[in-house]
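Comments concern the structure below.
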Amino acid sequence: MAAAISAGFLIAATGAKAEWPEKPIRFIVNAGAGGAADSTARILADALSKRLGQPIVIDNKPGASGVIGLDTVAKSPLDGYTIGNSNLATYTVTAAKSLPYKPEKDFTPIAKQWTQPNLLGVNPAVPVRTVAELVSYTKARPGEVFYGSTGSGTALHVLGVLFANLSGAELTHVPYKSAPAAELDLAAGQIQMLFSNFTSMEPQVRAGRIRALAITGPSRSPLLPDVPTIREAGFPALEMETWGGVVGPANMPPAIVERLHREINAVLADPEIIRKHERVGAKVAPVSIAEFRKMLAGDSTRWGEVVKRNNITLD
């Protein structure tokens, strides 16, 4: 009888243990509001919270080329209640400087979310309408043409450096904390050119505040069909699609990682979520965790070599 009572208490206690998640989840975005990282994180968080039954709270932590937000993720508890975004810049920045974390060791890859090209834009007052004309313009004004980025060592900085190397132009770099901030200065004429994410620059192009000269993806965008690809413009080496994904601190419980991965991929299969990504110029791109890990390793090698070869460093 006593044994039966003890067994009953054990079953009741086990059954009463709450399963993850039992409280809100913090989603750290290492960029400011309005850019691709922020917009796509909010699309995902809203739908994912419904599937998990708990709020997912976006916490924007921009600065230091995205390092501040990622460092917060790396140093968070391993209980699954703090996750964050990761993107191509995670690996270009790491190649540029020794950081307080190592992406290959200090993060748990959870899911790849999206891919997106960048746009090369200029202030409308700059008298150029093609990339070839921009090259001639910049070479005639060594050091006088200013270009922005989302921070030293980021993917957008790398594109600017590569453009200078390939064209022979001497450009002056101006780092910003976010893509929208750089675009505001581009539209105002404080800088003359900028590689920026499609999500935030496209509305500025449509409004006539920025002139787009090329898109860095392999094909033209239906949102801006008259803008040629960077390959069509004669610079295939600048072809780049950035990506966004979800990571957590290292050594997260496998069951939580697998649950998050499964639920995120289910969200990304929703036609309405696909359309929401497309409306901001992104394409959903779910893969397995193993494929995500392989892609991260490849990006680290490819862009790390570019960064080191060009002596790109963080300010």
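The values are calculated or read from the model by the stated rules, or taken from the named source; none is laboratory data. The structure displayed is predicted, hence computed values, not measured ones. Heads up, the Cβs are rebuilt from the backbone with ideal geometry, glycines too, and the neighbour counts pull from every protein chain shown. The accessibility values were calculated without ligands, DNA or RNA, using every heavy atom of the protein model including side chains. Shrake-Rupley method; radii C 1.70, N 1.55, O 1.52, S 1.80 Å.
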* Structure fact -> In terms of the alpha carbon gyration tensor, root eigenvalues a ≥ b ≥ c, rounded if a/c is under 1.5 and otherwise prolate when a/b exceeds b/c or oblate, the stretch 201-315 is oblate
* Excluding ligands, DNA and RNA, what is the solvent-accessible area per residue of the stretch 140-197 at a probe of 1.4 Å, expressed in Å²? -> 34
* Structure fact -> Here the alpha-carbon Rg of the chain over 2.2 N^0.38 Å rounds to 1.11
* **Cβ-based net charge around Gly32, under 15 Å, with every Lys or Arg adding one and every Asp or Glu removing one** => -1
* Structure fact -> Rounded to the nearest Å, the spacing of the alpha-carbon centers of the stretch 203-264 and the stretch 128-198 is 18
* When a/c is below 1.5 the answer is rounded, else prolate if a/b is larger than b/c, else oblate, so apply that to the stretch 271-315 with a ≥ b ≥ c taken from the square roots of the Cα gyration tensor eigenvalues. => oblate
* Carbon and sulfur: what percent of the chain's accessible surface (1.4 Å probe)? -> 55
* To do: Return one whole number: the accessible area per residue of the stretch 211-258 in Å², for a 1.4 Å probe.
  => 41
* Asked: Taking a 1.4 Å probe, which of Lys75, Lys294, Lys61 shows the most accessible area, and what order do the others take after it?
  -> Lys294, Lys75, Lys61
* Helix 2-16 versus the longest principal axis of the chain: what is the Cα-based angle in degrees, 0 to 90, to the nearest 10? -> 20
* Shape call for the stretch 63-199 from the C-alpha gyration tensor, a ≥ b ≥ c root eigenvalues: rounded (a/c under 1.5), prolate (a/b greater than b/c) or oblate? -> prolate
* To the nearest 500 deg cm²/dmol, what mean residue ellipticity at 222 nm is calculated for the chain from DSSP H runs of n ≥ 4 alone, each contributing -39,500 (n - 2.57), summed and divided by the residues? -> -13500 deg cm²/dmol
* To do: Could you calculate the FRET efficiency of Lys75 with Arg220 from 1/(1 + (r/R0)^6), where r is the beta carbon distance between them and R0 is 30 Å, rounded to 0.05?
  => 0.10
* May I ask you to order 224-231, 245-252, 269-276 by the average number of other C-beta atoms within 10 Å around their residues, highest value first? => 245-252, 224-231, 269-276
